[in-house]
Amino acid sequence: MKEVKIIRTMQQGNEMQQEASNRKLPLLVLVGPTAVGKTALSIELAKRYNAEIISGDSMQVYRGMDIGTAKIKEEEREGIVHHLIDICNPEESFSAADFQAKAKALIADIHSRGKLPFVVGGTGLYIESLCYEFRFVDHGSDDKFRAEMEKYAAQHGNEALHLKLSQVDAEAAARLHPNDTRRIIRALEVQHLTGKPYSEHQSGQERGQEKESPYNLVILGLTRDRAKLYERIEQRIDLMLEEGLVDEVRALLARELPMHAVPRQALGYKEIIAYLQGEISYERAVELLKRDTRRFAKRQLSWFRHMQGLHFVDMDQNFEEILQSIHAIIAGKFQDHLEYSTNQSFK
């Protein structure tokens, strides 16, 4: 009798947990490294699941940064609504906290119209902060201090600025590349404003801790054979250059962007800026761009491997096999909220 009671209690607990999950808004998420194939797959899934896409890419929010961010073209969207693309000027800042607030509002709005909210992108912090509701604190800003740090970096170099951070916050310095001056300056700014290390403010969001999502959540993580992924990255960069990446960067420089502006630090832009300013040759700029993009993809993969609740999908499969494996993952999660598109239902 005791065994029967225990089994019944466990079943009741599972049913209550499932009921609580069903009360949450559904959220489909697709993550993966650059060039893995997120765009084409996301369009197909959005059509089959009656979804609207929320971009989870930290660079695609900026106007005028189209080629270098592999921003989806209007004709490629096939009528699927996309959000959080082209909403900021390159001179403006846009943070993970900004993304979280805007995406949360969009999820509620999309659901209220009977559609499935679908986040697609490669910026791990942005997406994880949304999926597990990280808490962000506004520490304010000090434009004068920021300008002083930009001047210091220009005079003494990025390495010297990075050393300055390591002297007051070794943990934050260890996480940031010396060339990531925008985030280094922000870490120094927070320490300057609060008197506490930037890393200390982040301690409440330690990755790897078990977290509960406010959503009925499915996260798909795309992978490919590493050699094939790197080949796709090189092909993408060659295509970007053919489509006019250098002219796009030249147009951004003509805006006289401040030193802390995103394009000056962004992958695909800083390398071309160095070429246009005569610091390196064109060939060297392309070599660095390909090398740094491969390294970036490796860091993305590392981040996603540590994300909680992620279902990996092998993109080296046949496309129909990929779709079927994704449907097997999603099946049963969202039926209480919406039906699959009638003309593209899975068999």
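Coordinate-derived values only; no laboratory data. Just so we're clear, the structure is a prediction, and the values are computed from it rather than from any experiment. Heads up, the Cβs are rebuilt from the backbone with ideal geometry, glycines too, and the neighbour counts pull from every protein chain shown.
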Can you compute the FRET efficiency between Leu106 and Leu288 using 1/(1 + (r/R0)^6), with r the Cβ-Cβ distance and R0 = 35 Å? Round to the nearest 0.05. 0.45
Please give the contour-minus-distance gain from Thr194 to Lys144: 0.36 nm per residue of separation, less the Cα-Cα distance, rounded to one decimal in nm. 16.4 nm
With each label point set 7 Å from Cα along the Cα-Cβ vector, what nm distance links Ala170 and Ser302? 2.0 nm
As I understand it, the value is the acute angle between the Cα axis of helix 38-48 and the longest principal axis of the Cα atoms of the chain; what does it come to in degrees, rounded to 10? 30 degrees
Do the sum for the chain: with -39,500 (n - 2.57) for every DSSP H run of n ≥ 4, divided by all residues, what is the mean residue ellipticity at 222 nm, to the nearest 500 deg cm²/dmol? -16000 deg cm²/dmol
Using the Cβ atoms and a cut-off under 14 Å, what net charge is assigned to the surroundings of Arg295, where Lys and Arg are +1 and Asp and Glu are -1? +2
Extending each Cα 7 Å along its Cβ direction at Asp225 and Glu159, get the distance between those two points in nm, one decimal. 4.0 nm
For region 143-204, fraction of C-alpha pairs farther apart than 14 Å, in %: 48 percent
According to the Cα gyration tensor, what semi-axes, each the square root of 5 times an eigenvalue, does the equivalent ellipsoid of the chain have, listed from largest to smallest in whole Å? 38, 26, 18
Using a 10 Å cut-off around each Cβ, can you sort Ile329, Ile233, Ile54 from fewest to most neighbouring Cβ atoms? Ile329, Ile233, Ile54
Residues of type lysines that Lys298 reaches as a straight line, Cα spacing below 24 Å, ignoring anything fewer than 8 places off in the same chain: Lys38, Lys71, Lys228, Lys270, Lys290
Percent relative contact order of the chain, based on C-alpha pairs within less than 8 angstrom and at least six residues apart? 26 percent
Neighbour-count ranking [beta-carbon atoms within 10 angstrom, fewest first] of Met59, Met307: Met307, Met59
Tilt, helix 143-156 to longest principal axis of the chain (alpha-carbon atoms), in degrees rounded to tens, equals 60 degrees
Site Arg236, offset 7 angstrom along Cα→Cβ, radius 15 Å on amide nitrogen, limited to region 29-43, gives 30-43
Express in whole angstrom the spacing between the alpha-carbon centres of region 314-332 and region 80-119. 26 Å
